[in-house]
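Notes to accompany the following structure.
A short reminder: the numbers here are calculations on the coordinates, not readings from a lab. Treat the numbers as computed from the prediction; the structure is a model and nothing was measured. As a convention, Cβ positions derive from the backbone with ideal geometry for all residues, glycine included, and neighbour counts pool all protein chains shown.
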């Protein structure tokens, strides 16, 4: 897993309202665009060709599979905050405050008592 690249995706998308909206509306299109246009940018004038998502990472991002991302070693906080930004408002309206956060925790119950996957890059 390219933890750096997945974490870069999570961080970048979570901090840009336009990216977040595009990712929430059409994850497949946005992940493809991010890989081509956004992810390789190092600065306004520099690009890299070193990093790329694996098929497994790409599928997890497209499917909003935060459990798989966690299990692959995506940074826990970046993973949580991105999906809070996408789901929290809807879940809160339907199920009350912090309901998405509770769901996120419930989906990771099988990790209780185990060491978390390393987030080292």
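Footprinting exposure proxy ranking of 5, 19, 66, fewest other C-beta atoms within 10 angstrom first, gives 19, 5, 66. The calculated 222 nm mean residue ellipticity attributable to helices in the chain amounts to -17500 deg cm²/dmol, summing -39500 (n - 2.57) over DSSP H runs of n ≥ 4 and dividing by all residues. Entry note, the stretch 3-111: relative contact order of 28 percent, from Cα contacts under 8 Å with a spacing of 6+ residues.
Taken over the chain, the percentage of Cα pairs per 10 Å bin, counting from 0 up to the bin with the maximum distance, is 13, 44, 33, 10, 1. The angle between the Cα long axis of helix 76-95 and the main principal axis of the chain comes to about 50°, on a 0 to 90 degree scale.
Counting neighbouring Cβ atoms within 10 Å and putting the fewest first, the residues 42, 78, 108 line up as 42, 108, 78.
Fewest neighbouring Cβ atoms within 10 Å first, the residues 20, 112, 80, 61 line up as 112, 20, 80, 61.
Classified by the C-alpha gyration tensor, the stretch 70-114 has an oblate form. Its axis ratio a/c, with a ≥ b ≥ c, is 1.5 or above, and a/b does not exceed b/c. What's the FRET efficiency of residue 44 with residue 90 using the Cβ-Cβ distance as r and R₀ = 35 Å, to the nearest 0.05? E(calc), rounded to 0.05, equals 0.50.
Using alpha carbons only, how many degrees (0 to 90, rounded to 10) separate the axis of helix 3-14 from the longest principal axis of the chain? Around 80 degrees separate the two axes.
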